[in-house]
1. Report, in cubic angstrom per residue, the convex hull volume of the C-alpha atoms of segment 244-305.
2. Between their Cα atoms, which of LYS63/LYS501; LYS524/LYS551; LYS496/LYS541; LYS316/LYS379; LYS379/LYS408 are more than 21 Å away from each other?
3. Averaged per residue, what accessible surface does segment 51-121 expose to a 1.4 Å probe, in Å²?
4. What is the packing order of peptides 127-135, 318-326, taking the mean over residues of other C-beta atoms within 10 Å and listing the highest first?
5. According to the square roots a ≥ b ≥ c of the eigenvalues of the Cα gyration tensor, what is the shape class of segment 79-204, taking rounded for a/c under 1.5, prolate for a/b larger than b/c otherwise, and oblate for the remainder?
6. Between the alpha-carbon centers of segment 29-100 and segment 250-284, tell me the distance in whole angstrom.
7. In Å and whole numbers, how far do the C-alpha atoms of segment 351-454 stretch along each principal axis, longest first?
8. Could you please put VAL357, VAL444 in sequence from largest to smallest accessible area, using a 1.4 Å probe?
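The values are calculated or read from the model by the stated rules, or taken from the named source; none is laboratory data. Predicted model only: the values in this text are computed from it and were never measured. Note that each Cβ is placed from the backbone with ideal geometry, even for glycine, and that neighbours are counted across all protein chains shown. Keep in mind that these areas ignore ligands, DNA and RNA; they rest on the heavy atoms of the full protein, side chains included. Shrake-Rupley method; radii C 1.70, N 1.55, O 1.52, S 1.80 Å.
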Amino acid sequence: MFYEKGSAKEIMKASKMLISTLKEAPQEAKIDSHVLLLRAGMVKNQVAGVYQFLPLGLRVLQKVEKIIRQEMDNAGSLEILCSALQPKELWEESGRWNKYGPDLMRFTDRHERDFCLGPTHEEIFTDLVRNLVKSSKSLPLNLYQIQTKYRDEVRPRFGLMRSREFIMKDAYSFDKDEAGLEASYQLMYDTYTKIFTRLGLHFQPVLADTGNIGGNGSHQFMALSDIGESEIVYCDSCGYAADVEKATDQLIELPKEKELDLEEVETPNQRTIEEITKFLGIDAKKTAKTLIYHDYANEKLVAAVVRGDREVNEIKLVNVLNSNENYLELATDEEIRSIGSYHGFVGPVGLNIEVYVDLEVAQMSNFVVGANKLNYHLKNVNFGKDFKGIVKDLKKVQANDLCPVCGKPLSQERGIEVGQIFKLQTKYSLPMNCVYTNEEGKNVPMVMGCYGIGVSRTLQSIVEQYHDEAGICWPLNVAPYHVVIVPINYADEAQKDLAEKLYEELSKSVEVVLDDRNAKPGFKFKDWELIGIPYMIICGKRSAEGIVEFKVRAGLEKSEVEYSKAIQNVIEAVKHI
């Protein structure tokens, strides 16, 4: 802030601000929102996956946090703040110290005690509540915090979307029973809906996998975007929606064909499904592909078989194996040869490792698979007759598959995960002995829920949905400032007087910046359009008449109005946020 000499009036002048806009973004920025956050001077990269929030970006971040706090407080959740340092002992109690994977940032202090930097806080909140709450009279209880988290991402990318250090709102509910959890979960579902609606996001709640957090039920809140790392499928007819990691479909019952004799055919250098279908003149739906995985969590090789035109849903496979996605990798050529097969010619017939077969493959007839022999495939293969395996839902659901609820075709979009809620039940309270004493005097494990919002990721998601060729178009309630006053020439007495008069009136009720910089008008206009201030009031040649140019950032529409009308326009708009 800058104080005008000889006055107690606080004036926010652009000449005293840290405005660090860039003509071009650094090369590592690949998506629009990342480019614009860097170019607009909202954030600055420190090292890969680590960012500093600059003054303008911090103002936006604080406004996003304010909306989250307001809605969480309205829902009766109580804010606390925990340490990011977490002792190994608590993670061992929950069983996650070894299972969580390499994303966990671990270190040892000078006393040789093991710690981690918290990627999430289930263990910490559970430990806190078990020590402070004993009676059922204190339940239900919902606690939350907004805090920095740490995950050692193997490949940080897309700015705040996937970083090693990020800001999260995480909350945890503690209830006496399942009915209480259902009520807490629904309350948080509704609260998240209010939060993301207030933030102006176009979003979709979807069924989701519980991943490393665990529990028996989860929803993700997806900001819809073509650059999203997550894929979702949804049904326009009945409202079913799920992340593809969780999505299921309604199987089409296939007519059973007469089983033909197994036949080995030479297929020289035909390794891919596309190559083999073209070579044999068949449809991909009459093939099955077998992928070999190394499950490092259980130290074994396993095979997954899906229809040839399908992809293996590795999250479903991880859940079947009771493994961890960080410990599952496709087998190397050498590992494939160790089980008597060859890359591109792997098949389930005769494999001496565990074979997991997708539901769809189990009902197919007379299909083609690799022969586990270089340059050969097998025709007329049938599950049960020619090979056996554990039948599970393994495929990744895609557009036009049938909705599992109503049977209508599913649609597909991409999304950015901005929030996720979980029904943890007693996953943490039972092993960590987080109990309350019931009316019969018995100790009963509390039933827990977990609710997270990626605050910094949400900020970037807003930019991804609100931008144009000129820069960011912040929604009014999260914009760093509501309006900027731009005199064409601040040295001109009439322009200066009108600009300061506008500032005087507007600063009583809205957040305003006065651009007093000695710079060309075009330079200043481009700066503020890039930064994304919702309204711009330009004082030019008609300032002596009290006439200004009023520009709306969304759409860049502008009009000449009396200065009092410009003031009224901004004040009225801000009243409604």
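1. Values: hull volume 11.2 nm³, N = 62.
Enclosed volume per residue, from the Cα hull, is 180 Å³.
2. On the way: LYS63/LYS501 27 Å; LYS524/LYS551 13 Å; LYS496/LYS541 11 Å; LYS316/LYS379 28 Å; LYS379/LYS408 33 Å.
In this structure, LYS63/LYS501; LYS316/LYS379; LYS379/LYS408 lie more than 21 Å apart at Cα.
3. Working: 3530 Å² over 71 residues.
Accessible surface, normalised per residue, equals 50 Å².
4. Details: 127-135: 15.2, 318-326: 17.9.
Highest to lowest by the protection proxy: 318-326, 127-135.
5. oblate
6. 49 Å
7. Result for segment 351-454: principal-axis Cα extents of 67, 36, 29 Å.
8. VAL444, VAL357
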